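Participant: Below is one structure. I have some questions about it.
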Ligand SMILES: [Ca+2]
Ligand SMILES: [Ca+2]
(Lines give C-alpha, C1' and ligand atoms only; values in the text may rest on other atoms or scores of the structure.)
(Ligands and ions follow the chains in the order given, each with its own letter.)
Protein backbone atom coordinates (compact mmCIF):
# COMPACT_ATOMS: atom_id res chain seq x y z
CA UNK A 1 0.00 0.00 0.00
CA UNK A 2 2.70 2.37 1.06
CA UNK A 3 4.69 1.45 -2.04
CA UNK A 4 1.68 1.96 -4.27
CA UNK A 5 1.13 5.41 -2.80
CA UNK A 6 4.73 6.28 -3.32
CA UNK A 7 4.54 5.07 -6.92
CA UNK A 8 1.40 7.13 -7.54
CA UNK A 9 3.20 10.11 -6.06
CA UNK A 10 6.19 9.50 -8.29
CA UNK A 11 3.91 9.25 -11.33
CA UNK A 12 2.36 12.64 -10.52
CA UNK A 13 5.82 14.15 -10.15
CA UNK A 14 6.91 12.59 -13.45
CA UNK A 15 3.80 13.89 -15.21
CA UNK A 16 4.38 17.36 -13.80
CA UNK A 17 7.99 17.21 -14.88
CA UNK A 18 7.01 16.24 -18.43
CA UNK A 19 4.36 18.98 -18.52
CA UNK A 20 6.98 21.50 -17.42
CA UNK A 21 9.45 20.11 -19.95
CA UNK A 22 6.84 20.40 -22.70
CA UNK A 23 6.36 24.05 -21.82
CA UNK A 24 10.06 24.88 -21.45
CA UNK A 25 10.70 28.08 -23.37
CA UNK A 26 13.10 27.61 -26.25
CA UNK A 27 15.30 30.64 -26.93
CA UNK A 28 17.81 30.82 -29.75
CA UNK A 29 20.71 33.24 -29.72
CA UNK A 30 21.48 34.89 -33.04
CA UNK A 31 24.56 36.89 -33.91
CA UNK A 32 25.20 39.14 -36.92
CA UNK A 33 27.24 37.06 -39.37
CA UNK A 34 27.52 39.06 -42.55
CA UNK A 35 26.05 42.31 -43.89
CA UNK A 36 25.00 41.76 -47.48
CA UNK A 37 25.58 44.53 -50.06
CA UNK A 38 22.48 46.67 -50.68
CA UNK A 39 20.88 45.70 -53.99
CA UNK A 40 17.53 47.38 -53.21
CA UNK A 41 16.78 50.95 -52.18
CA UNK A 42 16.75 52.49 -48.68
CA UNK A 43 13.71 54.54 -49.78
CA UNK A 44 12.20 51.89 -52.04
CA UNK A 45 8.54 52.21 -52.96
CA UNK A 46 7.95 49.12 -55.10
CA UNK A 47 7.31 45.50 -54.32
CA UNK A 48 10.89 44.25 -54.13
CA UNK A 49 13.17 47.31 -54.15
CA UNK A 50 12.06 48.05 -50.57
CA UNK A 51 14.18 45.14 -49.37
CA UNK A 52 17.81 46.15 -48.74
CA UNK A 53 19.10 42.97 -50.32
CA UNK A 54 17.19 39.92 -51.43
CA UNK A 55 19.59 37.34 -50.00
CA UNK A 56 18.05 33.96 -50.70
CA UNK A 57 19.96 31.39 -48.72
CA UNK A 58 23.39 30.04 -48.04
CA UNK A 59 24.76 26.95 -49.74
CA UNK A 60 28.05 25.60 -48.46
CA UNK A 61 30.42 24.36 -51.12
CA UNK A 62 30.83 20.58 -50.75
CA UNK A 63 34.27 19.24 -50.03
CA UNK A 64 35.47 21.45 -47.19
CA UNK A 65 36.45 24.47 -49.27
CA UNK A 66 35.26 26.74 -46.45
CA UNK A 67 33.14 28.84 -48.77
CA UNK A 68 29.48 29.71 -48.97
CA UNK A 69 27.68 30.49 -52.21
CA UNK A 70 25.05 33.15 -51.52
CA UNK A 71 22.42 34.06 -54.14
CA UNK A 72 20.64 37.43 -54.10
CA UNK A 73 17.33 37.33 -55.98
CA UNK A 74 18.25 40.69 -57.54
CA UNK A 75 21.02 39.01 -59.54
CA UNK A 76 24.37 38.53 -57.82
CA UNK A 77 25.65 35.09 -56.88
CA UNK A 78 28.37 35.71 -54.30
CA UNK A 79 31.11 33.53 -52.91
CA UNK A 80 31.53 34.20 -49.19
CA UNK A 81 34.83 33.17 -47.61
CA UNK A 82 33.93 31.76 -44.20
CA UNK A 83 37.15 32.91 -42.54
CA UNK A 84 37.56 36.43 -43.91
CA UNK A 85 33.82 37.06 -44.55
CA UNK A 86 34.90 38.55 -47.87
CA UNK A 87 32.20 38.53 -50.57
CA UNK A 88 33.15 38.09 -54.24
CA UNK A 89 30.63 38.38 -57.06
CA UNK A 90 31.00 35.03 -58.82
CA UNK A 91 28.20 35.48 -61.36
CA UNK A 92 25.55 38.16 -61.80
CA UNK A 93 22.25 37.19 -63.37
CA UNK A 94 21.00 40.77 -63.80
CA UNK A 95 21.67 41.87 -67.36
CA UNK A 96 18.54 44.03 -67.63
CA UNK A 97 18.79 47.48 -69.24
CA UNK A 98 22.44 48.32 -68.79
CA UNK A 99 23.10 46.04 -65.81
CA UNK A 100 26.32 44.11 -66.25
CA UNK A 101 25.00 40.58 -65.74
CA UNK A 102 24.11 37.55 -67.81
CA UNK A 103 20.40 37.65 -68.58
CA UNK A 104 18.76 40.55 -70.44
CA UNK A 105 15.28 39.31 -69.50
CA UNK A 106 15.82 38.71 -65.78
CA UNK A 107 12.61 39.58 -63.97
CA UNK A 108 12.94 40.93 -60.42
CA UNK A 109 10.60 43.91 -60.06
CA UNK A 110 7.51 42.33 -58.57
CA UNK A 111 6.61 38.96 -57.10
CA UNK A 112 8.46 38.13 -53.91
CA UNK A 113 10.09 35.03 -55.38
CA UNK A 114 11.18 36.49 -58.70
CA UNK A 115 14.83 36.74 -59.75
CA UNK A 116 17.67 34.32 -59.02
CA UNK A 117 15.58 32.09 -56.80
CA UNK A 118 17.23 28.69 -56.95
CA UNK A 119 20.80 27.55 -56.36
CA UNK A 120 22.06 24.07 -55.50
CA UNK A 121 25.34 22.19 -55.81
CA UNK A 122 25.50 18.88 -57.64
CA UNK A 123 26.21 16.19 -54.99
CA UNK A 124 29.33 15.32 -57.04
CA UNK A 125 30.41 19.00 -57.32
CA UNK A 126 33.83 18.31 -55.88
CA UNK A 127 34.62 16.12 -58.87
CA UNK A 128 32.49 17.65 -61.64
CA UNK A 129 32.20 21.38 -60.73
CA UNK A 130 28.47 21.34 -61.55
CA UNK A 131 25.74 23.38 -59.89
CA UNK A 132 22.18 24.35 -60.79
CA UNK A 133 20.31 27.65 -60.80
CA UNK A 134 16.73 28.75 -61.39
CA UNK A 135 15.87 32.32 -62.35
CA UNK A 136 12.78 34.07 -63.69
CA UNK A 137 12.58 35.85 -67.03
CA UNK A 138 10.07 38.21 -68.57
CA UNK A 139 9.69 37.14 -72.23
CA UNK A 140 8.22 40.58 -73.11
CA UNK A 141 11.55 42.34 -72.46
CA UNK A 142 13.16 42.94 -75.88
CA UNK A 143 16.40 41.21 -76.74
CA UNK A 144 17.88 37.76 -76.66
CA UNK A 145 17.18 35.17 -74.00
CA UNK A 146 20.67 33.75 -74.42
CA UNK A 147 23.18 34.54 -71.65
CA UNK A 148 25.45 37.51 -72.35
CA UNK A 149 29.02 36.78 -71.27
CA UNK A 150 30.41 40.27 -72.01
CA UNK A 151 31.42 40.65 -68.35
CA UNK A 152 31.92 36.95 -67.62
CA UNK A 153 34.39 35.95 -70.30
CA UNK A 154 35.15 32.64 -68.62
CA UNK A 155 31.69 31.41 -69.63
CA UNK A 156 31.94 29.59 -72.96
CA UNK A 157 28.68 29.90 -74.86
CA UNK A 158 29.39 28.02 -78.09
CA UNK A 159 26.54 25.59 -78.64
CA UNK A 160 24.35 27.16 -75.93
CA UNK A 161 20.70 27.09 -76.97
CA UNK A 162 17.50 27.72 -75.04
CA UNK A 163 14.66 25.19 -74.83
CA UNK A 164 10.99 25.43 -75.79
CA UNK A 165 8.90 26.71 -72.85
CA UNK A 166 6.58 24.25 -71.20
CA UNK A 167 3.37 26.18 -70.58
CA UNK A 168 0.38 25.57 -68.31
CA UNK A 169 -3.18 25.97 -69.61
CA UNK A 170 -4.28 29.61 -69.82
CA UNK A 171 -2.47 32.90 -70.41
CA UNK A 172 1.16 33.10 -69.27
CA UNK A 173 3.41 35.97 -68.22
CA UNK A 174 6.81 34.84 -66.91
CA UNK A 175 9.21 31.93 -67.21
CA UNK A 176 11.38 29.99 -64.80
CA UNK A 177 14.66 28.73 -66.24
CA UNK A 178 16.74 25.85 -64.84
CA UNK A 179 20.40 25.92 -65.89
CA UNK A 180 23.26 23.51 -65.24
CA UNK A 181 26.66 25.18 -64.85
CA UNK A 182 30.03 23.43 -65.02
CA UNK A 183 32.99 25.31 -63.55
CA UNK A 184 36.17 23.67 -64.81
CA UNK A 185 38.19 25.19 -61.96
CA UNK A 186 36.18 25.27 -58.74
CA UNK A 187 39.26 26.28 -56.74
CA UNK A 188 39.22 29.97 -57.71
CA UNK A 189 36.54 32.67 -57.26
CA UNK A 190 35.68 33.17 -60.92
CA UNK A 191 33.53 31.15 -63.29
CA UNK A 192 35.17 29.44 -66.22
CA UNK A 193 33.38 26.70 -68.07
CA UNK A 194 30.06 25.99 -69.71
CA UNK A 195 26.34 26.24 -69.05
CA UNK A 196 23.39 24.25 -70.34
CA UNK A 197 19.71 25.17 -70.20
CA UNK A 198 17.84 22.19 -68.75
CA UNK A 199 14.22 23.34 -68.49
CA UNK A 200 12.09 26.44 -69.16
CA UNK A 201 8.64 26.64 -67.58
CA UNK A 202 6.02 29.32 -68.22
CA UNK A 203 3.79 30.51 -65.40
CA UNK A 204 0.31 32.06 -65.45
CA UNK A 205 1.29 35.14 -63.38
CA UNK A 206 4.23 36.62 -61.48
CA UNK A 207 3.15 34.84 -58.28
CA UNK A 208 4.74 31.64 -56.91
CA UNK A 209 7.35 30.79 -59.56
CA UNK A 210 9.56 27.74 -59.97
CA UNK A 211 12.50 28.06 -57.59
CA UNK A 212 13.83 25.86 -54.83
CA UNK A 213 15.53 22.55 -55.52
CA UNK A 214 17.38 19.90 -53.58
CA UNK A 215 19.16 16.56 -53.97
CA UNK A 216 18.70 13.75 -51.47
CA UNK A 217 21.76 14.27 -49.24
CA UNK A 218 21.91 10.61 -48.18
CA UNK A 219 22.00 9.20 -51.73
CA UNK A 220 25.32 7.76 -52.83
CA UNK A 221 26.58 6.63 -56.26
CA UNK A 222 24.54 3.57 -57.25
CA UNK A 223 21.45 4.57 -55.24
CA UNK A 224 18.23 5.28 -57.19
CA UNK A 225 18.15 8.86 -55.80
CA UNK A 226 21.82 9.66 -56.58
CA UNK A 227 21.99 13.01 -58.43
CA UNK A 228 18.20 13.02 -58.85
CA UNK A 229 16.86 16.56 -58.49
CA UNK A 230 13.69 17.52 -56.63
CA UNK A 231 12.48 20.85 -58.00
CA UNK A 232 9.50 22.80 -56.77
CA UNK A 233 7.22 24.76 -59.03
CA UNK A 234 4.72 27.16 -57.47
CA UNK A 235 1.20 27.42 -58.81
CA UNK A 236 1.89 30.67 -60.68
CA UNK A 237 -1.06 32.19 -58.85
CA UNK A 238 -3.43 29.88 -60.73
CA UNK A 239 -5.12 28.21 -57.75
CA UNK A 240 -6.61 31.40 -56.29
CA UNK A 241 -7.84 32.69 -59.67
CA UNK A 242 -11.55 32.69 -60.44
CA UNK A 243 -10.92 31.87 -64.11
CA UNK A 244 -10.24 28.67 -66.06
CA UNK A 245 -6.65 28.48 -64.72
CA UNK A 246 -7.86 27.68 -61.19
CA UNK A 247 -7.56 23.86 -61.50
CA UNK A 248 -3.94 23.98 -62.78
CA UNK A 249 -2.37 22.79 -59.46
CA UNK A 250 -4.69 19.75 -59.60
CA UNK A 251 -4.17 19.06 -63.31
CA UNK A 252 -1.42 16.54 -64.02
CA UNK A 253 -0.80 17.95 -67.53
CA UNK A 254 1.28 20.92 -66.28
CA UNK A 255 4.00 21.82 -63.77
CA UNK A 256 2.17 24.43 -61.66
CA UNK A 257 1.72 23.57 -57.98
CA UNK A 258 3.96 20.52 -58.28
CA UNK A 259 7.18 19.00 -56.99
CA UNK A 260 9.14 17.61 -59.94
CA UNK A 261 11.76 14.86 -59.88
CA UNK A 262 14.27 14.74 -62.74
CA UNK A 263 17.80 13.60 -63.62
CA UNK A 264 19.62 16.66 -64.97
CA UNK A 265 22.74 14.77 -66.12
CA UNK A 266 21.95 12.84 -69.32
CA UNK A 267 24.61 10.24 -68.49
CA UNK A 268 23.11 9.25 -65.13
CA UNK A 269 20.64 6.35 -64.54
CA UNK A 270 20.36 5.74 -68.30
CA UNK A 271 18.92 2.22 -67.93
CA UNK A 272 16.24 3.20 -65.39
CA UNK A 273 14.95 6.41 -66.96
CA UNK A 274 13.65 7.93 -70.17
CA UNK A 275 14.68 11.04 -72.08
CA UNK A 276 12.60 14.18 -71.54
CA UNK A 277 10.74 15.85 -74.41
CA UNK A 278 13.30 18.64 -74.70
CA UNK A 279 16.24 16.19 -74.62
CA UNK A 280 18.00 18.07 -71.81
CA UNK A 281 17.28 15.85 -68.80
CA UNK A 282 16.05 12.35 -68.00
CA UNK A 283 12.95 11.19 -66.09
CA UNK A 284 13.24 8.32 -63.58
CA UNK A 285 11.08 5.28 -64.40
CA UNK A 286 9.88 5.12 -60.80
CA UNK A 287 8.19 8.55 -60.94
CA UNK A 288 4.50 8.05 -60.07
CA UNK A 289 2.80 9.24 -63.26
CA UNK A 290 5.11 7.92 -66.01
CA UNK A 291 2.41 5.53 -67.23
CA UNK A 292 -0.57 7.90 -66.88
CA UNK A 293 -1.78 9.08 -70.29
CA UNK A 294 -1.53 12.85 -70.66
CA UNK A 295 0.23 13.39 -67.32
CA UNK A 296 3.65 15.05 -67.04
CA UNK A 297 6.09 12.28 -66.17
CA UNK A 298 8.27 14.74 -64.21
CA UNK A 299 5.65 15.11 -61.43
CA UNK A 300 6.51 13.60 -58.04
CA UNK A 301 3.76 15.23 -55.92
CA UNK A 302 1.07 17.84 -56.61
CA UNK A 303 -1.76 20.05 -55.36
CA UNK A 304 0.43 22.70 -53.68
CA UNK A 305 0.14 26.47 -53.76
CA UNK A 306 3.63 27.81 -53.15
CA UNK A 307 5.92 24.97 -52.00
CA UNK A 308 8.85 27.40 -52.00
CA UNK A 309 11.16 25.71 -49.52
CA UNK A 310 12.26 22.08 -49.74
CA UNK A 311 14.42 20.33 -47.17
CA UNK A 312 15.43 16.79 -46.32
CA UNK A 313 14.76 15.77 -42.75
CA UNK A 314 17.42 13.21 -41.88
CA UNK A 315 17.06 10.98 -38.82
CA UNK A 316 20.57 9.69 -38.04
CA UNK A 317 19.06 6.95 -35.84
CA UNK A 318 16.63 5.58 -38.41
CA UNK A 319 16.97 6.12 -42.16
CA UNK A 320 13.32 5.07 -42.61
CA UNK A 321 12.44 8.39 -40.99
CA UNK A 322 14.32 10.37 -43.66
CA UNK A 323 11.83 12.50 -45.55
CA UNK A 324 11.61 15.24 -48.09
CA UNK A 325 9.67 18.04 -46.37
CA UNK A 326 8.08 21.09 -47.99
CA UNK A 327 6.92 24.38 -46.49
CA UNK A 328 4.09 25.78 -48.56
CA UNK A 329 2.62 29.28 -48.34
CA UNK A 330 -1.17 29.39 -48.02
CA UNK A 331 -3.74 31.84 -49.35
CA UNK A 332 -5.80 33.65 -46.67
CA UNK A 333 -6.09 31.09 -43.89
CA UNK A 334 -3.37 28.48 -43.22
CA UNK A 335 0.39 27.97 -43.55
CA UNK A 336 1.47 24.35 -43.92
CA UNK A 337 4.35 21.87 -43.66
CA UNK A 338 3.97 18.61 -45.59
CA UNK A 339 5.95 15.39 -45.65
CA UNK A 340 6.38 14.70 -49.34
CA UNK A 341 5.11 11.32 -50.54
CA UNK A 342 5.49 9.88 -54.02
CA UNK A 343 2.39 10.67 -56.06
CA UNK A 344 0.62 12.46 -53.21
CA UNK A 345 -2.12 15.02 -53.90
CA UNK A 346 -2.01 17.78 -51.26
CA UNK A 347 -5.38 19.07 -52.36
CA UNK A 348 -4.83 22.70 -53.34
CA UNK A 349 -6.95 24.52 -54.49
CA UNK A 350 -9.70 22.14 -53.35
CA UNK A 351 -8.09 22.06 -49.90
CA UNK A 352 -6.01 24.48 -47.84
CA UNK A 353 -4.13 22.75 -45.01
CA UNK A 354 -6.80 20.42 -43.55
CA UNK A 355 -9.88 22.34 -44.68
CA UNK A 356 -11.90 22.70 -47.86
CA UNK A 357 -10.98 25.75 -49.92
CA UNK A 358 -14.17 27.05 -51.52
CA UNK A 359 -14.43 28.80 -54.87
CA UNK A 360 -14.68 32.16 -53.06
CA UNK A 361 -11.29 31.38 -51.43
CA UNK A 362 -12.72 31.01 -47.92
CA UNK A 363 -12.36 27.72 -46.07
CA UNK A 364 -14.89 25.24 -44.63
CA UNK A 365 -14.91 21.90 -42.80
CA UNK A 366 -14.04 18.73 -44.72
CA UNK A 367 -16.93 16.74 -46.21
CA UNK A 368 -17.92 13.36 -44.77
CA UNK A 369 -16.64 11.57 -47.87
CA UNK A 370 -13.24 13.12 -48.26
CA UNK A 371 -12.22 12.31 -51.82
CA UNK A 372 -11.33 14.62 -54.69
CA UNK A 373 -11.27 13.90 -58.43
CA UNK A 374 -8.08 13.03 -60.28
CA UNK A 375 -7.56 15.52 -63.09
CA UNK A 376 -5.23 15.18 -66.04
CA UNK A 377 -6.62 17.73 -68.48
CA UNK A 378 -10.23 17.07 -67.59
CA UNK A 379 -11.56 15.35 -64.50
CA UNK A 380 -11.20 11.58 -64.77
CA UNK A 381 -13.49 9.00 -63.21
CA UNK A 382 -10.87 8.30 -60.52
CA UNK A 383 -10.86 9.96 -57.11
CA UNK A 384 -8.16 10.27 -54.47
CA UNK A 385 -7.98 11.05 -50.76
CA UNK A 386 -5.98 14.27 -50.28
CA UNK A 387 -2.85 14.18 -48.12
CA UNK A 388 -2.83 16.65 -45.23
CA UNK A 389 -0.09 18.70 -43.55
CA UNK A 390 1.76 17.67 -40.42
CA UNK A 391 2.07 21.29 -39.22
CA UNK A 392 -0.21 24.25 -39.75
CA UNK A 393 -0.62 27.73 -38.27
CA UNK A 394 -3.13 30.42 -39.03
CA UNK A 395 -3.24 33.92 -40.45
CA UNK A 396 -4.10 35.28 -37.01
CA UNK A 397 -2.34 37.43 -34.40
CA UNK A 398 0.49 35.30 -33.04
CA UNK A 399 0.62 33.43 -36.36
CA UNK A 400 1.67 34.92 -39.65
CA UNK A 401 1.17 35.46 -43.37
CA UNK A 402 3.66 33.21 -45.12
CA UNK A 403 5.77 30.30 -43.89
CA UNK A 404 9.54 30.52 -44.44
CA UNK A 405 12.10 27.74 -44.60
CA UNK A 406 12.30 24.96 -42.02
CA UNK A 407 14.93 22.43 -40.97
CA UNK A 408 15.13 19.35 -38.80
CA UNK A 409 18.19 20.35 -36.77
CA UNK A 410 21.09 17.93 -37.18
CA UNK A 411 24.06 20.10 -36.27
CA UNK A 412 26.34 19.91 -33.24
CA UNK A 413 26.33 23.45 -31.83
CA UNK A 414 22.76 23.45 -30.50
CA UNK A 415 21.92 20.20 -28.65
CA UNK A 416 18.65 21.74 -27.37
CA UNK A 417 17.35 21.68 -30.97
CA UNK A 418 18.18 18.01 -31.69
CA UNK A 419 15.16 16.23 -33.14
CA UNK A 420 13.31 19.50 -33.63
CA UNK A 421 12.02 21.03 -36.85
CA UNK A 422 12.52 24.79 -36.64
CA UNK A 423 10.87 27.27 -39.00
CA UNK A 424 9.85 30.92 -39.40
CA UNK A 425 6.99 33.03 -40.60
CA UNK A 426 8.35 35.37 -43.24
CA UNK A 427 6.38 38.50 -42.45
CA UNK A 428 5.86 38.48 -38.68
CA UNK A 429 9.29 36.95 -38.00
CA UNK A 430 7.82 34.41 -35.57
CA UNK A 431 9.98 31.33 -34.99
CA UNK A 432 8.55 27.95 -33.93
CA UNK A 433 9.67 24.39 -33.59
CA UNK A 434 7.86 21.06 -33.70
CA UNK A 435 9.26 17.75 -32.48
CA UNK A 436 10.06 15.65 -35.53
CA UNK A 437 8.55 12.58 -33.86
CA UNK A 438 5.27 14.52 -33.58
CA UNK A 439 5.46 15.35 -37.30
CA UNK A 440 5.98 11.67 -38.16
CA UNK A 441 3.06 10.73 -35.91
CA UNK A 442 0.85 13.34 -37.59
CA UNK A 443 1.64 11.85 -41.02
CA UNK A 444 -1.11 9.30 -40.43
CA UNK A 445 -3.72 10.01 -43.08
CA UNK A 446 -5.91 11.77 -40.53
CA UNK A 447 -6.48 15.44 -41.35
CA UNK A 448 -7.18 16.43 -37.74
CA UNK A 449 -3.89 15.17 -36.25
CA UNK A 450 -1.10 17.77 -36.42
CA UNK A 451 2.21 18.23 -34.66
CA UNK A 452 2.02 20.82 -31.84
CA UNK A 453 4.22 23.84 -32.51
CA UNK A 454 6.15 25.75 -29.85
CA UNK A 455 7.13 29.40 -29.93
CA UNK A 456 10.86 30.19 -29.97
CA UNK A 457 12.21 33.46 -28.60
CA UNK A 458 15.26 35.16 -30.06
CA UNK A 459 18.19 36.61 -28.15
CA UNK A 460 20.21 39.22 -30.07
CA UNK A 461 22.83 41.66 -28.77
CA UNK A 462 21.96 40.83 -25.16
CA UNK A 463 18.17 41.29 -25.42
CA UNK A 464 15.42 38.72 -25.89
CA UNK A 465 12.71 39.27 -28.52
CA UNK A 466 9.46 37.45 -29.33
CA UNK A 467 10.05 37.60 -33.08
CA UNK A 468 12.69 38.58 -35.65
CA UNK A 469 10.65 41.68 -36.54
CA UNK A 470 12.21 44.20 -34.09
CA UNK A 471 15.67 42.81 -34.81
CA UNK A 472 15.28 43.36 -38.56
CA UNK A 473 13.67 46.74 -37.83
CA UNK A 474 16.67 47.99 -35.84
CA UNK A 475 19.16 46.80 -38.45
CA UNK A 476 17.06 48.20 -41.33
CA UNK A 477 16.93 51.62 -39.65
CA UNK A 478 20.64 51.50 -38.81
CA UNK A 479 21.43 50.79 -42.47
CA UNK A 480 19.49 53.90 -43.56
CA UNK A 481 16.10 52.34 -44.34
CA UNK A 482 13.51 55.12 -44.69
CA UNK A 483 10.30 53.22 -43.84
CA UNK A 484 9.17 54.15 -40.28
CA UNK A 485 9.04 50.46 -39.22
CA UNK A 486 9.70 47.82 -41.86
CA UNK A 487 8.70 47.98 -45.54
CA UNK A 488 6.64 45.50 -47.52
CA UNK A 489 3.08 44.24 -47.52
CA UNK A 490 1.84 42.00 -44.71
CA UNK A 491 -1.62 41.42 -43.28
CA UNK A 492 -0.93 39.86 -39.88
CA UNK A 493 2.21 41.83 -38.99
CA UNK A 494 0.46 44.94 -40.33
CA UNK A 495 3.54 47.14 -40.54
CA UNK A 496 5.86 45.40 -42.97
CA UNK A 497 7.83 42.24 -43.44
CA UNK A 498 10.58 40.88 -41.21
CA UNK A 499 11.33 38.59 -44.18
CA UNK A 500 13.11 36.04 -42.00
CA UNK A 501 14.10 32.59 -43.22
CA UNK A 502 16.41 29.87 -41.99
CA UNK A 503 19.15 28.18 -43.96
CA UNK A 504 21.87 25.67 -43.01
CA UNK A 505 25.57 25.21 -43.70
CA UNK A 506 27.38 22.00 -44.61
CA UNK A 507 27.36 20.84 -40.98
CA UNK A 508 23.65 21.48 -40.57
CA UNK A 509 24.22 24.58 -38.43
CA UNK A 510 21.51 27.21 -38.68
CA UNK A 511 21.61 30.72 -40.06
CA UNK A 512 18.73 33.16 -40.33
CA UNK A 513 18.64 35.77 -43.03
CA UNK A 514 16.36 38.70 -43.59
CA UNK A 515 15.87 40.42 -46.93
CA UNK A 516 14.46 43.56 -45.32
CA UNK A 517 17.66 44.45 -43.48
CA UNK A 518 19.97 42.45 -45.78
CA UNK A 519 21.56 40.61 -42.86
CA UNK A 520 22.63 37.01 -42.41
CA UNK A 521 22.82 35.98 -38.76
CA UNK A 522 24.28 32.80 -37.31
CA UNK A 523 22.32 30.87 -34.70
CA UNK A 524 25.00 30.44 -32.03
CA UNK A 525 23.00 29.19 -29.05
CA UNK A 526 19.75 27.47 -28.08
CA UNK A 527 18.41 26.94 -24.57
CA UNK A 528 15.18 25.36 -23.31
CA UNK A 529 14.23 26.35 -19.77
CA1 LIG B 1 36.10 28.76 -61.11
CA1 LIG C 1 -2.47 13.95 -39.64
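Participant: In the range 116-161, how many are assigned to a loop (DSSP other than H, G, I, E, B) and at negative phi?
Facilitator: 23
Participant: Here is a further query. Could you list all residues from the range 448-469 that are buried (at least 22 other Cβ atoms within 10 Å of the Cβ) and in contact with a helix residue (DSSP H, G or I) (Cβ under 8 Å, 6 or more places away or on another chain)?
Facilitator: Across the range 448-469, the qualifying residues are 450, 451, 458.
Participant: Residue pairs, Cβ under 8 Å, 6 or more apart or interchain, first in the range 181-206 and under 14 Å from residue 155 (Cα atoms), second within 16 Å of ligand 2 (Cβ to nearest atom) and not in a loop (DSSP other than H, G, I, E, B). List them.
Facilitator: Sorted first by the residue in the range 181-206, then by its partner, the list stays empty.
Participant: May I ask you to list the residues in the range 377-399 that are farther than 30 Å from residue 294 by Cβ and within 16 Å of ligand 2 (Cβ to nearest atom)?
Facilitator: Selection gives 390, 391, 392, 393.
Participant: Within the range 106-144, can you find the residues that are over 27 Å from residue 225 (Cα atoms) and surrounded by fewer than 21 Cβ atoms within 10 Å (Cβ to Cβ)?
Facilitator: Result: 109, 110, 138, 139, 140, 141, 142, 143, 144.
Participant: Could I ask something else about it? Would the range 470-479 turn up any residue that is surrounded by fewer than 16 Cβ atoms within 10 Å (Cβ to Cβ) and assigned to a loop (DSSP other than H, G, I, E, B)?
Facilitator: no
Participant: Residues that are away from ligand 1 (no atom under 16 Å from the Cβ), surrounded by fewer than 22 Cβ atoms within 10 Å (Cβ to Cβ) and under 23 Å from the mean Cα position of the chain (by Cα): does the range 421-435 have at least one?
Facilitator: Quick first cut of the range 421-435, residues away from ligand 1 (no atom under 16 Å from the Cβ) only: 421-435.
Next, only the ones that are surrounded by fewer than 22 Cβ atoms within 10 Å (Cβ to Cβ) stay: 435.
Right, trim to under 23 Å from the mean Cα position of the chain (by Cα) and you get 435.
Yes; the residues of the range 421-435 include at least one that is away from ligand 1 (no atom under 16 Å from the Cβ), surrounded by fewer than 22 Cβ atoms within 10 Å (Cβ to Cβ) and under 23 Å from the mean Cα position of the chain (by Cα).
Participant: Okay, moving on. Would you be able to tell me the number of residues in the range 301-317 that are at pLDDT 95 or above, assigned to a loop (DSSP other than H, G, I, E, B) and either farther than 19 Å from residue 423 by Cβ or within 14 Å of the chain's Cα centre (by Cα) (or both)?
Facilitator: The number of residues fulfilling the criteria is 3.
Participant: All but one of (1) touching a helix residue (DSSP H, G or I) at 6+ places or on another chain (Cβ under 8 Å); (2) crowded, with 20+ Cβ neighbours inside 10 Å; (3) more than 12 Å from residue 305 (Cβ to Cβ) hold for residue 210; which doesn't?
Facilitator: (1)
Participant: So if I check each of 457, 463, 446, which one is at pLDDT 95 or above and either at positive phi or within 16 Å of ligand 2 (Cβ to nearest atom) (or both)?
Facilitator: Result: 446 is the single residue among 457, 463, 446 that is at pLDDT 95 or above and either at positive phi or within 16 Å of ligand 2 (Cβ to nearest atom) (or both).
Participant: Answer yes or no as to whether residue 164 is out of contact with any strand residue (DSSP E or B) (no Cβ under 8 Å at 6 or more places or on another chain) and away from ligand 1 (no atom under 16 Å from the Cβ). First the steps, then the outcome.
Facilitator: Values: out of contact with any strand residue (DSSP E or B) (no Cβ under 8 Å at 6 or more places or on another chain): no; away from ligand 1 (no atom under 16 Å from the Cβ): yes.
No, not satisfied.
Participant: Still on this structure, please answer the following. Being more than 16 Å from ligand 1 (Cβ to nearest atom) and crowded, with 22+ Cβ neighbours inside 10 Å is true for just one of 445, 400. Which residue is that?
Facilitator: Result: 400 is the single residue among 445, 400 that is more than 16 Å from ligand 1 (Cβ to nearest atom) and crowded, with 22+ Cβ neighbours inside 10 Å.
The values are calculated or read from the model by the stated rules, or taken from the named source; none is laboratory data. Not measured: the values here are computed from a predicted model. Glycine gets a Cβ as well: all are built from the backbone with ideal geometry, and neighbour counts include every protein chain shown.
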